[in-house]
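The next block holds one structure in the form of structure tokens; read it before the comments.
The values are calculated or read from the model by the stated rules, or taken from the named source; none is laboratory data. Here the structure is a predicted model, which is why all the values come from computation and not from measurement. Cβ coordinates were reconstructed from backbone atoms using ideal geometry, including for glycine residues, and neighbour counts include every protein chain displayed. The accessibility values were calculated without ligands, DNA or RNA, using every heavy atom of the protein model including side chains. Shrake-Rupley method; radii C 1.70, N 1.55, O 1.52, S 1.80 Å.
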Amino acid sequence: MSPEAGGRRLAFVGAGAVATGPAAPGPVRRPAWDDVGLRTGVGVGVEDGRIAIVAPDDEVGEWFHAARSPDTLVDCGGRLITAGLVDPHTHALFGRPRLEDHARRARGDDYKLIAAAGGGILSSVADFRSRSEDNLVALARPRLAMMAALGTTALEIKSGYGLSVEDELKALRAIARLSREVPVRVVATFLGAHEVPAEYRARRDAYVRLVIEEMLPTVAREGLATFCDVFCEPGVFDVDESEAILVSAAGHGLSLKVHADELDPSGGAELAARLGAASADHLGAISAAGVEALAASETAAVLLPGTLVFLGRTRQAPARALLDAGAIVALATDFNPGSSPSANLPLMMALAVSQAHLQPEEAFVAATANAAHAIRLGDGRGRLVVGAPADLVVWNCRDVRELAYWYGIPLAWRVYASGSPCLGGGWGLSSPGSAGTLLSPPMS
Ligand SMILES: [Zn+2]
């Protein structure tokens, strides 16, 4: 290459190991150690926000110094480098936390008693509707900075606390603003069918029609979402209602996702596979037929082990059966104020190992390459490959298995999204505990 070539260059050398991820593009069905892509003695070079070189340290050093204006040379001091993590299922745009629900569950109340006491998802809906787009963006921004500080450089965010035309559009416009304001990659999902709002309880058909006839055409026309998701669960939206909404969404050009078989089996996973959805998520109560359907499809099985732990459930999704059958398994936080107030994807990797019997290499692929597939990023994210956006994390550990081991402990030392620093002086936080804004709004 010409010594004069090159824009803004960063280089990372002195790593103890680099885990580049699976060699071939696309998802991995039965991740093995080879798919971690572990290399030693190599560094990573970044130019104009993209990965430009992954090569032995001395070559990366030469490449860096050949730049007209080399920017930053990071000595990783024996640390591990991986691609940034990808969180393919969050509800990160919300108002206040649901502290009382948490306390009630500890006293033995089920979700019906909690809802009857004014809690549950509809309390988040009432709270969300009372807030402005500006306020919601201001609340979400430090939460995204927290996620980045924990190693997540791409994530999906769903609407679904608005449940009216106006409030769902407010949610998606807020998500669009966030995606412009932060360096991490944000993908938007329309989840108007998250729940039937209180004012439609006696006429659910009318709410399904509102989603199909008013919300979806507007969301599609304004280009506000990549995906449409439905909460397909007994007592929420049944398979027929879910299918009607998803088929309509596909007709508007949206890709599909399904909250499927979370607590009770309903055929949600089968529906997701049949419609060619990008993912079927939760799957705590998936049937054997559902496992087979996902294994035979390109639909990712997105597991959310933190949700079931936080809800106090002892059962997890049958991750081993899904993996052994050949399904594409991914992991996510489900970050939301009701059932999973955690933005920590490495914590979910640890829970996936300890609670759902994944091997550490399976958890790593599930939170990187397969998670990128679950939100159809298709741009190389989830891997350290030349040409991909430079989303990478330098971790305060040496072994990739440690990411799924030190559970709950922040491990990221440096985080870059498209070559922009998210920790240590750039956008975001100087450390995981230093959010400039409180995570929760004032209590009313
Ligand atoms: Zn969810």
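When only the Cβ of Lys, Arg, Asp and Glu is charged (+1, +1, -1, -1), the dipole of the range 109-226 relative to its Cα centre reaches about 240 debye. Figure note: Y416, Y111 ranked by solvent-accessible area, largest first, 1.4 Å probe, ligands and nucleic acids not counted: Y111, Y416.
Return a whole-number percent for the relative contact order of the range 197-271, with Cα pairs under 8 Å and 6 or more residues apart as the contact set. It would help to have the intermediate numbers written out before the result.
Numbers: 88 pairs, mean separation 23.1, N = 75.
After rounding, I find 31 percent.
Using the Cα centre as the reference, give the magnitude of the dipole from point charges on the C-beta atoms of the chain (Lys, Arg: +1; Asp, Glu: -1; all else neutral), rounded to the nearest 20 debye. Let's see the in-between values first.
Details: 40 positive and 51 negative charges, 158 e Å.
Here the chain has a charge dipole of around 760 debye.
Given A92, N135, M348, which one lies farthest toward the positive end of the charge dipole of the chain, if we put +1 on the Cβ of every Lys and Arg and -1 on the Cβ of every Asp and Glu? It is N135.
Over every Cα atom in the range 1-100, the radius of gyration and the widest Cα-Cα span, Dmax, amount to 17.7, 63 Å. Spread over its residues, the convex hull of the C-alpha atoms of the chain is 130 Å³ per residue.
Positive contributions from Lys and Arg (+1) and negative ones from Asp and Glu (-1), summed over other residues with Cβ under 12 Å from the Cβ of S130, come out at +2. Note: relative contact order over the chain, using C-alpha pairs below 8 Å and six or more positions apart, is 21 percent. Most simply put, the chain has about 40% antiparallel DSSP beta bridges, counting only bridges with both residues inside it.
Packing order of peptides 7-18, 401-412, highest average first: 7-18, 401-412 (average count of other Cβ atoms within 10 Å over each peptide's residues). In a solvent-free Debye calculation with one equal scatterer on each Cα, what is log10 I(q)/I(0) for the range 305-424 at q = 0.19 Å⁻¹, listed in the order of the q values? Computed log10 I(q)/I(0) values: -1.13. When you count the other C-beta atoms within 10 angstrom of each residue and take the mean per peptide, 213-223, 162-172, 254-264, 360-370 line up highest first as 360-370, 254-264, 162-172, 213-223.
So if I average 1/r over every pair of distinct C-alpha atoms in the range 290-371 and take the inverse, what Kirkwood radius in Å does that give? It would help to have the intermediate numbers written out before the result.
Values: mean 1/r = 0.0798 Å⁻¹.
In the range 290-371 this quantity evaluates to 12.5 Å.
In square angstrom, what is the accessible area per residue of the chain with a 1.4 angstrom probe?
Details: 16460 Å² over 444 residues.
Heavy-atom SASA per residue in the chain reads 37 Å².
Ratio of Rg to Rh for the range 259-337: 0.94 [Cα atoms; Kirkwood radius as inverse mean 1/r over pairs]. May I ask you to derive the relative contact order of the range 288-406, considering only C-alpha pairs under 8 Å and at least 6 residues apart, and to give it as an integer percent? Relative contact order comes out at 24 percent. Placing V86, V309, V236 in order of accessible area, with the largest value first and a 1.4 Å probe, yields V309, V236, V86.
Round to a whole number: what % of the accessible area of the chain belongs to carbon and sulfur, probe 1.4 Å?
On the way: 8560 of 16460 Å².
The C+S portion of the solvent-accessible surface of the chain is 52 percent.
Cα convex hull, the range 242-398: 129 Å³ per residue, rounded to a whole number.
Farthest towards the positive end of the charge dipole of the chain, among the residues H252, Q316, C397, is the Cα of C397, using unit charges on the Cβ of Lys, Arg, Asp and Glu. Helix 133-149 and the longest principal axis of the C-alpha atoms of the chain enclose an angle of approximately 50°.
Each helix, a run of at least 4 DSSP H residues, gives -39500 (n - 2.57); summed and divided by the residues of the chain, these come to -9000 deg cm²/dmol at 222 nm.
Averaged across orientations, what area in nm² does the convex hull of the alpha carbons in the range 239-295 project? Intermediate values should be presented prior to the final figure.
On the way: hull surface 13.4 nm².
That works out to 3.4 nm², a quarter of the Cα hull's surface.
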